[in-house]
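Structure, as structure tokens:
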Amino acid sequence: MREITFEEKLKTIVGQKINSISLLKNLKTGKIPKKELKNYTVLLYGEARSSLRIKIPERIKMCPLRLVSVRKFWCKMLKEESGGFLINKDHASLIVPTCISLGATNKELENAYLSACKKLKNYNQERFYEAFSLEDILKELTQMWIDEYILALESTNIANALIKYYGLNEDDVFYFRLHAIEDIKHSKAGLREILKIATDQKLQAYVIKRTNEALEKFPIWMT
């Protein structure tokens, strides 16, 4: 009998737990009140925008110079999440129509962004990149992989539910239509970097632990 690979183990863990994520389950069946759902999307906006300003740039800086492919990966992620650095094409801007259609105000969006930035104020900034361990790098990669992989799997279902149960139109859910495609590519690329680094049992066990923890806290931007 063929032994299951490390990659297969990770995907199996996600597959077993994704259906128990209450936010996704309730959203796909229209059981979340519209006001509550609006608050979730506003938090997502804050997370997306603050990630472009703080989280992804700090992830680039934390990589040891020898991990060239990881640094290139984060640089590519920053460019793509920023919409090629074009005005209003960044992924934070793309979620705005969803938020507004659910009743969010511009003030709520700005406050969510400032709050998210405050949480990230000291994100890795007090340490030199040489001080980061492989576990530190894998922690960031694993969190990113979980977020991107779940959105790749569920974005189409989310978009359909927003239209069916909450009265949004296709323009309003473009963010999720895009991520149903883009995050397949992002999650595959992120997983490749994880597999390059986690080549022994100790590091693989660490990634499995972080995967389970990330799934328990998903979505991280609500915590």
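Quick check: anything in the range 144-157 modelled with pLDDT of 95 or more, crowded, with 17+ Cβ neighbours inside 10 Å and not in a helix (DSSP H, G or I)? No: zero hits.
Number of residues in the range 183-217 that are surrounded by 18 or more Cβ atoms within 10 Å (Cβ to Cβ) and basic (Lys, Arg) equals 1.
Among the residues of this structure, Lys121 counts as one that is surrounded by fewer than 16 Cβ atoms within 10 Å (Cβ to Cβ), of a type in the set (Lys, Arg) and either touching a Gly at 6+ places or on another chain (Cβ under 7 Å) or not in a helix (DSSP H, G or I) (or both). Out of Glu110, Glu81, one residue alone is modelled with pLDDT of 95 or more, of a type in the set (Asp, Glu) and closer than 22 Å to Trp145 by Cα. It is Glu81. Taking Arg59 as the residue in question, decide whether it is crowded, with 17+ Cβ neighbours inside 10 Å, of a type outside the set (A, V, I, L, M), part of a helix (DSSP H, G or I) and within 17 Å of the chain's Cα centre (by Cα). So Arg59 passes the test. Of all residues in the range 6-36, those that are surrounded by fewer than 15 Cβ atoms within 10 Å (Cβ to Cβ), in contact with a Leu (Cβ under 9 Å, 6 or more places away or on another chain) and farther than 30 Å from Leu203 by Cα total 2. Among what's in the range 2-53 and is of a type in the set (Lys, Arg) and assigned to a loop (DSSP other than H, G, I, E, B), pick the residue that is nearest to Tyr165 (Cα to Cα). For the range 2-53, the residue satisfying everything is Lys31. Scanning the range 160-175 for residues that are in a helix (DSSP H, G or I) and closer than 19 Å to Ala92 by Cα yields Leu162, Phe174, Tyr175. In the range 184-223, what residues are in a helix (DSSP H, G or I), among the hydrophobic types (A, V, I, L, M, F, W, C), at pLDDT 95 or above and under 17 Å from Ile13 (Cα atoms)? Within the range 184-223, Leu191, Ile194, Leu195, Leu203, Ala205, Val207, Ile208 meet the criteria.
Listed here are the residues, each with its yes/no results for (1) free of Cβ contacts under 8 Å to residues at least 12 places away in the same chain; (2) on the phi > 0 side of the Ramachandran plot; (3) within 17 Å of the chain's Cα centre (by Cα).
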| residue | (1), (2), (3) |
| --- | --- |
| Lys25 | yes, no, no |
| Lys31 | yes, no, no |
| Leu44 | no, no, yes |
| Phe73 | no, no, yes |
| Ser82 | no, no, yes |
| Leu94 | no, no, yes |
| Leu102 | no, no, no |
| Glu110 | yes, no, no |
| Lys118 | yes, no, no |
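The values are calculated or read from the model by the stated rules, or taken from the named source; none is laboratory data. All figures in this text were calculated on a predicted structure; none of them were measured in a lab. Please note: Cβ atoms are built from the backbone with ideal geometry, for glycine as well, and neighbour counts cover all protein chains shown.
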